[in-house]
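Have a look at the structure below, then the notes.
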Amino acid sequence: MLIGELAARTGTTTRALRYYEEQGLLESDRTPSGYRVYGPHAATRVRNVRDLLASGFTVENVKSFVRYLDTDLPEVFEYSPLWGGRGPGGGGPGGGGWGGS
């Protein structure tokens, strides 16, 4: 699937997806015209990355989970509204953080 479709399926932005890829959290192939193409587990991986970032993990923390991100994570890692949509530390686009309103 192309980057726009992945963004729509996961409720994130194409900018966040490019950031996750830059950080080594997401991988893509390229079409002959240079478009990013994501594999069948990409949507699960993006949801997991977002849940972990929203739960308070940093990008560096999430990198240590990369090999487990293509399957559903245990419920303990799922986003909880306790943080009001912002977990401590996520950093980067779509990564949450403590930021105030």
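Inside the stretch 30-53, can you point out the residues that are buried (at least 21 other Cβ atoms within 10 Å of the Cβ) and in a loop (DSSP other than H, G, I, E, B)? Across the stretch 30-53, the qualifying residue is only 38. Among the residues of the stretch 42-101, those identified as closer than 23 Å to residue 8 by Cβ, modelled with pLDDT of 65 or more and not aliphatic (A, V, I, L, M) are 44, 45, 47, 48, 50, 51, 70, 71, 72.
Comparison of 22, 27, 5 shows that the only residue that is open to solvent by 50 Å² or more (accessible area, probe 1.4 Å) and closer than 18 Å to residue 72 by Cα is 27.
Against the list (1) under 15 Å from residue 69 (Cα atoms); (2) open to solvent by less than 30 Å² (accessible area, probe 1.4 Å); (3) in a loop (DSSP other than H, G, I, E, B), the condition residue 56 fails is (1).
The values are calculated or read from the model by the stated rules, or taken from the named source; none is laboratory data. Owing to the predicted nature of the structure, the values given are computational and were not obtained by experimental measurement. Using ideal geometry, Cβ is built from the backbone for each residue, glycine included, and neighbour counts are taken over all protein chains shown. To get the accessible areas, we keep the full protein, side chains included, count just its heavy atoms, and leave off ligands, DNA and RNA. Shrake-Rupley method; radii C 1.70, N 1.55, O 1.52, S 1.80 Å.
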